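The values are calculated or read from the model by the stated rules, or taken from the named source; none is laboratory data. None of the values given here were measured: they were computed from a predicted structure. Virtual Cβ from ideal backbone geometry, glycine too; neighbours counted across all protein chains shown. Ligands, DNA and RNA are excluded from the accessible area calculation, which covers all protein heavy atoms including side chains. Shrake-Rupley method; radii C 1.70, N 1.55, O 1.52, S 1.80 Å.
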Amino acid sequence: MVTAGDLTPTIKLFPHGKEPVHIDLFSQGGGRRGAATAGFLFGLSRFEDIKVEGAAGTSAGAMANAVLV
């Protein structure tokens with residue numbers, strides 16, 4: 001089975017081999033915010049050079065972060 005993730009190439013933020021950027025996320029809740037957060041996190045997951053160290057959130061934001069981790 002092919003998923004959307006299989007069709008989307010990963011992106012190198014630092015093409016010259018620098019260390020990855022480590023970030024922590026906090027996402028707010030709310031219906032529309034949750035949908036926007038999910039889209040943002042999907043885009044963020046395409047970057048090979050960004051590593052999510054921790055994630056927290058409320059309501060829909062917490063659910064979106066849970067899927068990412």
Inset, instruction - Divide, for the range 16-69, the radius of gyration over alpha carbons by 2.2 N^0.38 Å, where N is the residue count. - result: 1.16
Legend entry - Per residue accessible area of the chain, 1.4 Å probe, in Å²: 72 Å²
Inset, instruction - Report, in deg cm²/dmol and to the nearest 500, the calculated mean residue ellipticity at 222 nm for the chain, where each DSSP H run with n ≥ 4 adds -39500 (n - 2.57) and the sum is divided by the residue count. - result: -11000 deg cm²/dmol
Inset, instruction - Please get the size of the charge dipole for the range 21-69, origin at its Cα centre, with Cβ charges of +1 on Lys and Arg and -1 on Asp and Glu, quoted in debye to the nearest 20. - result: 260 debye
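Scanning the chain for trypsin sites (Lys or Arg not before Pro) in DSSP loops with at most 16 other Cβ atoms within 10 Å, what's the longest stretch left with none?
The longest uninterrupted stretch comes out as 19-45.
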Legend entry - Nearest-ten-degree value, helix 31-44 long axis tilted from longest Cα axis of the chain: 10 degrees
Inset, instruction - Using a 1.4 angstrom probe on the protein heavy atoms only, line up L13, L41 by accessible area, largest first. - result: L13, L41
Inset, instruction - Please report, as a whole percent, how much of the solvent-accessible surface of the range 17-69 comes from carbon and sulfur atoms (probe radius 1.4 Å). - result: 60 percent
